[in-house]
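As C-alpha cells, the structure follows; a few thoughts come after it.
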Amino acid sequence: MDTRLSLSQYKLATFLACQRRFQLRYLRRLPWPATPLPERTEQLLQHGQEFHQLVEQHFLGLPVTPSTIPNEQVRQWWQAFVTHSPVPELPTNTRFLPETGLTVPLGNHLLYGRFDLLVLGKDEQERPFAHVFDWKTGRPADAATLKSRWQTRLYLALLAEGGSAFWSQNGQLSPEQISLTYWYVQEPAAPVTIGYSAGEHQANWADLQQIAARLDEASAANTWPLTDDWSECRECAYQIYCGRQGAGTAVPEIDEAEEPARPDERLLLPERP
Ligand code: SF4
C-alpha cells in the first residue's frame, strides 16, 4: 500500500468488523452516518462532549462553576465527577495532560490514539509510570469486556511502544508501569482500572502487526470482502452499497469521544451504489 494510514481504535474495529465498511468509510470516504441519528442519541452525544470539555477545562487548571453549566444532566455528571474523581492525589511533579494524542509506527502505517487524560509521573522507586483516564457517559461495561476492547488494547500498546518519549532522560516506561482507568458517570464510585504486562504487550503488539499486514494484503489485492455477519450490517450506513438492506436497522451506539469527521469529509457527496 502506498498510502500510510493513521489507524485509530475506530479504524481497527471497523476493519475487523467488515473490510468493505473500512474501504467505504476510510478509503473511499463516503459520508457516515448516512442518516441522521435519533434526537435522543444526538442529545446524549452532545452532553457527553460537553462533559468531556468540562473535565478537560478542569485539568487545564481552569475553574469550572457548576451553576454556569446550562444542562442539568451535565451538571449532575460534573457533580458526580467532583465527588468521586478517580484521579488520586499525586506528587506535585506529576504531569496531567488532558486530550493528549500519541502516534507510533505500525508496519507501513501509524497507530494513533487520543487520551481523555494522561497522567505521567515517577513512583517511589523513581520509575516512570503512565496512567490513562477515560470518561464515559454511556452504558457501563465490566472489566473483562473493557479489557478486550480495541480502545484498551490500543491505548496500552501505544504507551508501551511510544510512552517513553514523554520522558527526556532515564525514561524507559515498562508495560507494568502503564494502566488505564475507565470512569462511568452512571457508576462514579466504581472505576475500572486495567493494568498491563510485558507478556500481554507482546501478544497485543503481535495482533496489531497482523492486522496491519492483513490491511496491506487487502489493499494490494484491492479486495475488501463483505462481512459474513449480517448483524454488523444492521448498524451500517452502507447497506445499499452491499445489497444488505434485508439486514434490518439498529441505532449504532455512539461514543462521545468518537473521532470527528475530517473537515473535508462533510463536503463529499454520496457516490451512487
Ligand atoms: S452493509 Fe454490511 S457488508 Fe456492507 S459495509 Fe456495512 S457491514 Fe459491511
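Look at segment 2-26: where a residue is within 10 Å of Thr227 (Cα to Cα) and a partner is of a type outside the set (Asp, Glu) and away from the ligand (no atom under 11 Å from the Cβ), sitting 6+ places away or on another chain with Cβ atoms under 6 Å, you get Gln19/Ala218. Taking the listed residues Leu117, Leu146, the one that is within 28 Å of Pro91 (Cα to Cα) and either in contact (Cβ under 8 Å) with a residue 24 or more places away in the chain or not hydroxyl-bearing (Ser, Thr, Tyr) (or both) is Leu117, with no other qualifying.
Matching residues to (1) in contact with a Lys or Arg (Cβ under 9 Å, 6 or more places away or on another chain); (2) at pLDDT 95 or above; (3) of a type in the set (Val, Ile, Thr); (4) exposed (fewer than 14 other Cβ atoms within 10 Å of the Cβ):
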{"position": "Ala198", "(1), (2), (3), (4)": "no, yes, no, yes"}
{"position": "Gln202", "(1), (2), (3), (4)": "no, yes, no, yes"}
{"position": "Gln209", "(1), (2), (3), (4)": "no, yes, no, yes"}
{"position": "Tyr241", "(1), (2), (3), (4)": "yes, no, no, no"}
{"position": "Gly246", "(1), (2), (3), (4)": "no, no, no, yes"}
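Yes or no: Leu44 within 16 Å of the ligand (Cβ to nearest atom), crowded, with 17+ Cβ neighbours inside 10 Å, of a type in the set (A, V, I, L, M) and not in a strand (DSSP E or B)? No: the conditions fail for Leu44.
With the condition kept exactly as written, say whether any residue in segment 96-108 is among the charged types (D, E, K, R), in a strand (DSSP E or B) and on the phi < 0 side of the Ramachandran plot.
So the first thing to find is which residues in segment 96-108 are among the charged types (D, E, K, R), and the list is 99.
Pick out the ones that are also in a strand (DSSP E or B) and you get 99.
So of that shortlist, the ones also on the phi < 0 side of the Ramachandran plot come out as none.
Checked segment 96-108: no residue is among the charged types (D, E, K, R), in a strand (DSSP E or B) and on the phi < 0 side of the Ramachandran plot.
When Gln177 is tested against (1) of a type in the set (S, T, N, Q); (2) more than 16 Å from Cys18 (Cβ to Cβ); (3) buried (at least 18 other Cβ atoms within 10 Å of the Cβ); (4) touching a helix residue (DSSP H, G or I) at 6+ places or on another chain (Cβ under 8 Å), only condition (4) is not met. Criterion applied to Pro105, Pro63, Pro86, Pro98 was being loosely packed, with under 14 Cβ neighbours inside 10 Å, more than 26 Å from Ile211 (Cα to Cα) and away from the ligand (no atom under 16 Å from the Cβ), and the one residue passing it is Pro63. Say whether the condition of being assigned to a helix (DSSP H, G or I) and within 16 Å of the ligand (Cβ to nearest atom) is met by at least one residue in segment 27-37. So far as segment 27-37 goes, yes, one or more of its residues are assigned to a helix (DSSP H, G or I) and within 16 Å of the ligand (Cβ to nearest atom). The set of residues in segment 227-244 being near the ligand (Cβ under 6 Å from one of its atoms) and outside any helix (DSSP H, G or I) consists of Thr227, Cys236, Tyr238, Arg244.
Note on segment 215-226: among residues that are assigned to a loop (DSSP other than H, G, I, E, B) and surrounded by fewer than 17 Cβ atoms within 10 Å (Cβ to Cβ), the one that is farthest from the ligand (Cβ to nearest atom) is Asn222.
The values are calculated or read from the model by the stated rules, or taken from the named source; none is laboratory data. Keep in mind that what you see is a predicted model, and the values were worked out from it rather than measured. Neighbour counts run over all protein chains shown; Cβ positions are idealised from the backbone, glycine included.
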